[in-house]
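The values are calculated or read from the model by the stated rules, or taken from the named source; none is laboratory data. Computed from a predicted model, the values in this text were never measured in an experiment. Here the Cβ is made from the backbone with ideal geometry for all residues, glycine too, and neighbour counts use every protein chain on show. Ligands, DNA and RNA are excluded from the accessible area calculation, which covers all protein heavy atoms including side chains. Shrake-Rupley method; radii C 1.70, N 1.55, O 1.52, S 1.80 Å.
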Amino acid sequence: MKHFFSIIALFILISCSSPNAEEVENPATQTPTIQSISTSSTNIGDTIIINGQNFNPISTYTITFNGTNGQITQITASAISVIVPVGTTSGPLQLTVDGVTVNAGYISIIGQNRLFACKQNREIVELNSVTGIETKILVYSTGYNYLTELKYFAPTNEIIGQGIILNSNGSNTYKLFKVKLADNTITEMTYAGYDQLIVTTTGKLYGYKLYQGIIELNPNTGSEIGSLINTGSDQLYGLIYNAQTNEIMGDKGLIDNNGNNIHKLCKINLSDNSITENIYYGYDELIPATNGKLYAYRATKRIVELNPATGTEIKTLINISAEHISLLTYYPQTNQIIGKKIIYNNGIATYKLLKLNLTDNSLSENNIIKDDYDYFIVTN
């Protein structure tokens, strides 16, 4: 009998300690996690593979490309294949299941760029890049006295910039301003304010402090998250980002001991924060291209190609007679430099969309634009 009760006790112990099959967590109830995507740059109609864990082939998933539903072709426990839908634009890739949305990353659609402009420092509009005609208004009357330093921030598909409010006591309030292109929603937060903002293609944001240096900012809050890169007490102009070399570069203007104006191409390598400077001509605008080439506009009315390592001129692309040219930027989809040209006739201004085709250096300036825009912003 003693042995019988021992056997019963052992059976109860095993029953209590052994997991019930119904109590084991069902893989179908586990939250899916995303580890990687097969590419971050693709064409419409291509297939993207989302790699991760806890995907359930019998669950219903929705995958959107910047808000447009993709066509799911296969689901396994560790991968989902989805076709990039027609009509999508560059933006966030998101997966939704059982009411839970998970961000998978940012997808750039190859060959698709959009052109935006800002006028009167307050209104952001989208332009037809071919005709220059305004197609829609994104933001109107933002409440700022000035809206400056507008850039495209690819990871969140937003135009970001700096809003300035002039206070009655003579001080300024600065805000990091962002408008999301997917739904035109605006977010803003008060921050320190900077003389220039620089955006990288890797999703980083930097601010330039006049006569001090460059510091990395949190793109969500505007707070400083890095150490100041001291660029010296001479002023930097026209700071741009060169994706091929991971450098911020700009024109440093200074006066030598004889009172002569000197210009240097100043480059800050973001990999190690090293700084190099080369004396060069000095330009009104530097224009980086996505293929690593560097172009510039000279006050002598020429658009030239520069050696991005030294700043020396490689060749003149075109001579332009007009004096009033500005907002030059690179448009990848058509391999053009685009900008604004102003023509005055009896004191009346006409504004034109200037386009320089870099394939054959042909110039087009036939399209009249509506306003004297302050910024051109190109998405990528």
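Using only the alpha-carbon atoms of the range 321-380 as identical scatterers, what base-10 log of I(q)/I(0) does the Debye formula give at q = 0.18, 0.19 Å⁻¹?
Result of the Debye calculation: -0.62, -0.69.
Less than 13 Å Cβ to Cβ from L270, Lys/Arg counted +1 and Asp/Glu -1: what total charge do the surrounding residues give?
Net charge in that neighbourhood comes out at -1.
Give me the net charge for the shell around I165: Cβ to Cβ below 13 angstrom, other residues only, Lys and Arg +1, Asp and Glu -1.
Values: positive: R122, K175; negative: E188.
Here the charged neighbours net out to +1.
Summing -39500 (n - 2.57) over the DSSP H runs of n ≥ 4 in the chain and dividing by its residue number, what mean residue ellipticity at 222 nm do you reach, to the nearest 500 deg cm²/dmol?
-1500 deg cm²/dmol, from helical runs alone.
Between S364 and E277, take the C-beta separation as r, use R0 = 30 Å, and let me know the FRET efficiency to the nearest 0.05.
That gives a FRET efficiency of 0.25.
How many nm separate the modelled label positions at I314 and Q212, each set 7 Å beyond the Cα in the direction of the Cβ?
3.7 nm
In a GNM of the chain with a 10 Å cut-off on Cα contacts, which of T185, T359, T201 has the highest mean-square fluctuation?
Its mean-square fluctuation being the largest, the pick is T359.
Could you give me the ³J(HN,Hα) list for the range 320-330, computed from phi with Karplus coefficients 6.51, -1.76, 1.60 and θ = phi - 60°, whole Hz, x at Gly and Pro?
Each residue of the range 320-330 in turn: 10, 7, 5, 8, 9, 10, 7, 6, 5, 8, 8 Hz.
With all distinct Cα pairs included, what does the Kirkwood hydrodynamic radius of the range 278-343 come out to in Å, to one decimal, could you say?
On the way: mean 1/r = 0.0819 Å⁻¹.
When all Cα pairs of the range 278-343 are included, the Kirkwood radius is 12.2 Å.
Taking only Cα atoms, what is the 0 to 90° angle, nearest 10, from helix 2-17's long axis to the longest principal axis of the chain?
For 2-17 against the chain, the angle is about 20 degrees.
If I stretch the segment between A243 and D284 completely, what's the gain in nm (0.36 nm per residue apart, minus their alpha carbon distance), one decimal?
12.7 nm
Could you tell me which of the pairs K315/K370; K204/K301; K136/K355; K264/K370 are separated by over 31 angstrom between their Cα atoms in the structure shown?
The pairs that break the limit, which is 31 Å between Cα atoms, are K315/K370; K204/K301; K264/K370.
Which net charge results for the neighbourhood of G193, defined as the other residues with beta-carbon distances under 14 angstrom from its beta-carbon, given Lys and Arg at +1 and Asp and Glu at -1?
Taking every other residue near G193 into account, the sum is -2.
Quick check: convex hull of the Cα atoms in the chain, volume per residue, rounded to a whole Å³?
Details: hull volume 84.3 nm³, N = 380.
With only Cα atoms used, the chain gives 222 Å³ per residue.
Using only the alpha-carbon atoms of the range 57-125, report the extent along each of the three principal axes, biggest first, to the nearest angstrom.
Here the Cα extents, ordered largest to smallest, are 53, 26, 16 Å.
How big is the accessible area of E188 in square angstrom, nearest 10, if you roll a 1.4 angstrom probe over the protein chains?
Accessible area, nearest 10 Å²: 90 Å².
Highest mean first, how do 43-50, 122-129 rank when packing is the count of other Cβ atoms within 10 Å averaged over residues?
The most tightly packed comes first, giving 122-129, 43-50.
With each label point set 7 Å from Cα along the Cα-Cβ vector, what nm distance links S168 and S223?
It is 3.2 nm.
Hey, what did the range 160-255 get for relative contact order, percent, Cα under 8 Å, at least 6 apart?
Relative contact order, the range 160-255: 16 percent.
Tell me the label-point distance for the pair Q120, T33, using the 7 Å Cα-to-Cβ offset, in nm and rounded to one decimal.
A separation of 5.2 nm, rounded to one decimal place.
Quick one: putting +1 on the C-beta of Lys and Arg, -1 on the C-beta of Asp and Glu, what dipole do you get for the range 200-314 around its Cα centre, in Debye to the nearest 20?
Once rounded to the nearest 20, the dipole reads 200 debye.
Sort out for me the Cα centre separation of the range 108-175 from the range 43-80, rounded to whole Å.
The distance from the Cα centre of the range 108-175 to that of the range 43-80 comes to 33 Å.
Skip the ligands, DNA and RNA, and give the accessible area per residue of the range 220-312 with a 1.4 Å probe, whole Å².
Ligands and nucleic acids excluded, the figure is 48 Å² per residue.
For the chain, which whole percent of the accessible surface, found with a 1.4 angstrom probe, sits on carbon and sulfur atoms?
About 49 percent, which is the carbon plus sulfur part of the accessible surface.
Which order do you get for D234, D251 if you rank them by accessible area with a 1.4 Å probe, largest at the top?
The most accessible residue leads, giving D234, D251.
Using only alpha carbon pairs under 8 Å that are at least six residues apart, calculate the relative contact order of the chain and give it in whole percent.
Result for the chain is 10 percent.
When the dipole is taken about the Cα centre of the chain, and only Lys, Arg (+1) and Asp, Glu (-1) are charged at their Cβ, what size is it in debye, to the nearest 20? Provide the component values of the computation, followed by the final result.
Values: 24 positive and 31 negative charges, 88 e Å.
Dipole size: approximately 420 debye.
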